[in-house]
Amino acid sequence: MLGIAEDKDLLQVRAQLRSREADLSGLDMQWQAQRINLNRLMGRDANADLQLVVNEQTGRGHSVNQNADELLQQATQHSPALSAVQARMKQADTAIELSRDKRKDKLDLVFNAGVKTLSGDSVSSDVSENEVVGGVQLEYGRGLDLSGYDAELQQAQLLRSAALQDQKQVLQDLQYNIAGVLAEINAGNAALSAYEKSVASEQAKLKEAEQRYKRGRTDTDQLIQFEAQLATAELNTDLQNVELQRRAQRLRLVVGDIWKTVKVE
């Protein structure tokens, strides 16, 4: 019976090993495709190596030191979409101002000066006298009231109204994006804590089973099962931590903080 049990356990271990190797091969294939795509985006050689690093400086999880309002204010300073909208609004304001100037009445003060040459019968033909003359006058111009200028002003006002609406939408999108990522980070921290507790529980369960196995009170099959459950719990914990770090980087992207660390060669 012992030999049969040992053969059964050995077959189970081999089956689990083959399953893990198949999973690893699938993950490696996905990574190779992603690595090539990343190198293409960065203009690097397709086969250039990439080293993935998970931020472990502050331990597992991620804490946000700023509230939503502070993050929104920071995001508005780095948002490309908002900068484009503000440029459109500035252009519309300039067009409105120019159009209004064309319709205004103008009053100009004109000063002129010159030299006048005097000659006559009382003066010899080879002698001339110059007289400095000048004058000041007011020129009044009435602003044009043409339909073309009215249409130009109306078009500029419509462009400004559209820019204002787009600005409102961009700010709203930033607010929702920040709130959404913060909610995901908070939920991710809670999930990570639960996974870590699960790992601790699986470790305690396996340790207790090993003690019973040494006393002959359990079999190898149960130990293999408990080890597999512990490995799954540890993998889920690591994956959750990676996902939490990804959300943290997404938050940095939304608020514009990530561009501080980007170096362009």
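Read-outs throughout are calculated quantities, based only on the coordinates presented, and are distinct from any laboratory measurement. Everything numeric here is computed off the predicted structure, so don't read it as measured data. Reconstructed Cβ throughout: ideal geometry from the backbone, glycine too, with neighbour counts over all protein chains shown.
Points to keep in mind about this one:
- Between Gln16 and Gln157, residue separation times 0.36 nm minus the direct Cα-Cα distance comes to 43.8 nm.
- Gained length - Ile258 relative to Gln165, 0.36 nm times residue gap less alpha-carbon distance: 30.7 nm
- Footprinting exposure proxy ranking of Val13, Val85, fewest other C-beta atoms within 10 angstrom first, gives Val13, Val85.
- Efficiency of FRET between Ala194 and Gln91 - r from beta-carbon atoms, R0 35 angstrom, step 0.05: 0.10
- Between the beta carbons of Leu235 and Gln77, assuming R0 = 45 Å, the FRET efficiency works out to 0.70 to the nearest 0.05.
- Multiplying the residue separation of Asp221 and Leu41 by 0.36 nm and subtracting their alpha-carbon distance yields 60.0 nm.
- Residues Arg20, Arg88, ranked from the fewest to the most other C-beta atoms within 10 Å, line up as Arg20, Arg88.
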